[in-house]
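Below you'll find the structure, written out as structure tokens, and then a few comments.
Laboratory data are not the source of any read-out in this text; all were calculated from the coordinates shown. This is a predicted model, so every value here is computed, not measured. Cβ sites come from the backbone with ideal geometry, for glycine too, and all protein chains shown count toward neighbours.
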Amino acid sequence: MIAVIDYDGGNLRSVEKALAFLGQEAVITRDQDEILSADKIILPGVGAFGDAMGRLGRYGLVEVIRQAAAEKTPFLGICLGLQLMFESSQESEGVEGLGLLKGKNLRIPDRAGLKIPHMGWNSLDIRPDSRLFAGVSSGEYVYFVHSYYLKAEDEAAVAASAEYSTHIHAAVEWGNLYACQFHPEKSGDVGLRILKNFVEL
């Protein structure tokens, strides 16, 4: 069973539908026992970093997520879910993230001719040995919606990157922890392949 964490973070149903298309049983839940007993966990999300951390705290999910990660359950963050897995964000100064991995989220720099938020299809430069991107070639396009981008502390954790005004760490892979800044559930066949790779880990 795959637990999709519900903290009023949005984007739950599209993730659930993509998993159902792949023949996977997904439960949208904030029940701590369900999350801790799941075979895999997905943390989706859209919105602001500080608001999301506040909701995770109110629902008692911060320590549950940290425990599940420590127990080596395969864990996938999507969009804001990726950002929450790290230490901090310029979007919400002073708010501590989950701290599962070291790094921070910075605002995408303004550049003439480019709109922020970064919204739309962008190509990826993929690390060849990535498990999450097995069967996906560098240059494939995925769908992004974000104004802040990840700068991971350890480049070895970066599974894919993208260019949009700056160098964006678009996906990470470290032990049992995986995350995508883009939306695999909205990225067509490429996105479904990425989700399939995750559920088959």
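Points to keep in mind about this one:
- Annotation: the stretch 21-64 has a Kirkwood hydrodynamic radius of 11.9 angstrom, from the mean reciprocal C-alpha pair distance.
- Using θ = phi - 60° and Karplus 6.51 cos²θ - 1.76 cosθ + 1.60, couplings along the stretch 2-8 (whole Hz; Gly, Pro as x): 9, 8, 9, 6, 9, 10, 6
- DSSP bridge analysis restricted to the chain gives an antiparallel fraction near 60%, rounded to the nearest 5.
- Principal axis dimensions, largest first and in whole angstrom, of the chain by Cα: 48, 39, 29
- Translational D in µm²/s for the stretch 18-94 (Stokes-Einstein at 10 °C, 1.306 mPa s, Kirkwood Rh from C-alpha pairs): 120 µm²/s
- On the basis of the beta-carbon distance and an R0 of 22 Å, ARG13 and VAL95 show a calculated FRET efficiency of 0.25.
- Between the stretch 44-110 and the stretch 166-201, the C-alpha centres lie 16 angstrom from each other.
- Sum of -39500 (n - 2.57) over DSSP H runs of 4+, divided by residues of the chain (222 nm, nearest 500): -7000 deg cm²/dmol
- A cut-off of 5 Å between modelled amide H atoms, ignoring neighbours fewer than 5 places along the same chain, links TYR148 with ILE108.
- Space enclosed by the convex hull of the alpha-carbon atoms of the stretch 86-194, per residue, Å³: 98 Å³
- Cα centroid separation, the stretch 8-28 to the stretch 123-162 (Å): 22 Å
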